[in-house]
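Chemist: Attaching a single structure in structure tokens format; questions to follow.
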Amino acid sequence: MKISLLRYAGVSCLVAAVFWVWAVVNTYRLGFPDSGVVTFLLVIIANSFLYRHVTKTTEMPVPKCITICVTLSGCLVTLSYLGGLALALAHDLMGLPGEVLDEFNVGIGFAVYCGSAAAVWTVWTILGLCWMRATVVSDSKPAAAAEDQEPSADTENV
């Protein structure tokens, strides 16, 4: 499970870093803020804490604060993409006015991109949450089971 969490955190940071740079470039190029500047940065920070926890500590259960931060940052990315999807559909299908949207041809292609990205981030976030929660269950059971066992005859005589 430790390897899975390391890979999850590493891939999350790498992908978020690429999209964070893209969001910064879009912000500069378009002249208005791209929500990815904030959301992808949060993913990088949260998953960095997860990566550090898994590599630097011997205690395997992931603390709740890290689990919440990693999951919340993934949910924020998903919400950001869903907002982009709604904006693109409203602009393209309902004729919502918008100079910036018209200028950059935000339409069905952008809606498909945002919808696909929202689906991928949702699945990825749920997968990470399951892995983080599995460490608590799988690593705490053996310790609890060991406490419930009666001491053996060998240890009583010592």
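Chemist: Could you tell me whether any residue of region 35-49 is surrounded by fewer than 14 Cβ atoms within 10 Å (Cβ to Cβ) and of a type outside the set (A, V, I, L, M)? Steps first, please.
Modeler: So in region 35-49, the residues surrounded by fewer than 14 Cβ atoms within 10 Å (Cβ to Cβ) come out as none.
There is no residue in region 35-49 that is surrounded by fewer than 14 Cβ atoms within 10 Å (Cβ to Cβ) and of a type outside the set (A, V, I, L, M).
Chemist: If you don't mind, there's one more thing I want to ask. Which one of these is part of a helix (DSSP H, G or I), within 19 Å of residue 83 (Cα to Cα) and either under 16 Å from the mean Cα position of the chain (by Cα) or not polar (S, T, N, Q) (or both): 41, 50?
Modeler: Values: 50 fails: within 19 Å of residue 83 (Cα to Cα).
It is 41.
Chemist: May I pose another question? Among the numbered conditions (1) over 16 Å from the mean Cα position of the chain (by Cα); (2) crowded, with 17+ Cβ neighbours inside 10 Å; (3) β-branched (Val, Ile, Thr), tell me where residue 3 comes up short.
Modeler: Condition not satisfied by residue 3: (2).
Coordinate-derived values only; no laboratory data. Not measured: the values here are computed from a predicted model. When we count neighbours, we look across all protein chains shown, and the Cβ atoms used for this are built from the backbone with ideal geometry, even at glycine.
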